[in-house]
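The values are calculated or read from the model by the stated rules, or taken from the named source; none is laboratory data. These numbers come from a predicted model, not from an experiment. Quick reminder, even Gly has a Cβ in these numbers, built from the backbone with ideal geometry, and neighbours come from all protein chains shown. The protein model used for the area step is the full one, side chains on, heavy atoms only, and it has no ligands, DNA or RNA in it. Shrake-Rupley method; radii C 1.70, N 1.55, O 1.52, S 1.80 Å.
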Amino acid sequence: MLLLIIGMLHHRKDPQKVVKSYAFAAVAKAEGAELLYFTPKAVDFSQNVIHGYVYVNGVWEKKDSPFPEVVYNAGSPEKLAKSHNIIAKLKELIPFTTYSIGNKMRVYQRLKLEGKFAQYLIPSEVIHSTRRFFDLFNTYRKVVFKPVNGRKGQGITYIEGVRDRYNIRSCEGNCVLSFEELRDLVAQKLRDESHLLQPYINCKTKSGISYDVRLHVQKDGAGKWLITAIYPRFAPEGSIVSNINSGGSTNYLIPFLKQEFGDEYFNIKRYLEHFSLQLAAHMDEVQQKYFNERIDELGIDAGLDDLGKIWVYEVNWRPGCPPTFYLELDVVRNMIKYAMYLARERKDMYNNITGGTSIGVKPFRREVYA
């Protein structure tokens, strides 16, 4: 029988050191496919062969395989970038599931330019000098200052002006600074890496805890967007950073909405669901317009202000599995099914072009005998 091969591209050579590799191999097998784990250096273009690994009877075995029909690129973008030429050549032959949407400011600028979701964007500006920082700070008085390329809530600083002093909250701790001390802190951060400034959106629970809402969406086996999970994330006491990796916590959506919004909880839930699917579809259209690429998964971080309006904090293209909700296999299953959808789509396109003859670019297939 013919077995569809899904490639899992990673920067680590040993699949045993990648926790999620087993889940992907197991789900692929359950869906009637085979997962081929490999690194860029394992690709042999001269023979159209990959020297990778497959999971067999509880262990990872080395295997030389024809090229897969589709590739899930799961490794670190920074580390895979070292093999840019190999990956670019592979993309010319095989569809990839996952593409970068860029950093915070690039996403912000594209969405603002397109206009459809501009009203939900928090005003953001990359800061190049302490003078510009204070120009904007004097306008807003409560701001969030964070790295343009930050991840997992790291490096986020909340700054509030109180008379001639400045209250600072960050993962390093809370403090009160003078004007000169704040100026020096901002200058140091700008020397270390690019930062952007945003006005602070007051998104707090009735008890005064800062929170945001993670909207996790994926594509399914028909290439359509679906909601994987929506859940609130709460900042630790004294912090505004609700990211789980920065000490935040989370909860189930409906109990939280009932507690905070009472009888309006169902309308808020539908509002969040509708918004997440609409924004995902729009992001997909924008990605295709600018880069001729499709998006497979997004993690949208949003807040609800005092009036119940949604504000988009940022959009993440590699959001990871939702914590504590036992959804790891759901996330993997959606990814595998979408990968299989891309493989079928490519095969159909090939058949339409060639009429099933041997001319043209062939999809890479392999005969496997049970």
Quick one: in the stretch 119-137, which of the residues that are part of a loop (DSSP other than H, G, I, E, B) and of a type in the set (S, T, Y) is surrounded by the most Cβ atoms within 10 Å (Cβ to Cβ)?
S124
Any chance you could count how many residues in the stretch 317-340 are farther than 18 Å from L9 by Cα, at pLDDT 70 or above and either over 18 Å from the mean Cα position of the chain (by Cα) or not in a loop (DSSP other than H, G, I, E, B) (or both)?
3
Would you check if Y53 is among the aromatic types (F, W, Y) and under 22 Å from the mean Cα position of the chain (by Cα)?
no
Given the conditions (1) open to solvent by 20 Å² or more (accessible area, probe 1.4 Å); (2) over 30 Å from L277 (Cα atoms), which single one is not true for K116?
(2)
Have a look at G58, G75, G150 and point out the one that is free of Cβ contacts under 8 Å to residues at least 40 places away in the same chain and among the small types (G, A, S).
G58
I'd like to know if the stretch 13-25 contains one or more residues that are among the β-branched types (V, I, T), surrounded by fewer than 16 Cβ atoms within 10 Å (Cβ to Cβ) and outside any helix (DSSP H, G or I).
yes
Looking at the structure I just gave you, is E61 part of a strand (DSSP E or B) and either aromatic (F, W, Y) or closer than 29 Å to E328 by Cβ (or both)?
yes
Please tell me if K146 is under 21 Å from N202 (Cα atoms), open to solvent by less than 50 Å² (accessible area, probe 1.4 Å) and among the basic types (K, R).
yes
Is it true that G102 is in contact with a Lys or Arg (Cβ under 9 Å, 6 or more places away or on another chain), modelled with pLDDT under 90, over 30 Å from L304 (Cα atoms) and surrounded by 15 or more Cβ atoms within 10 Å (Cβ to Cβ)?
no
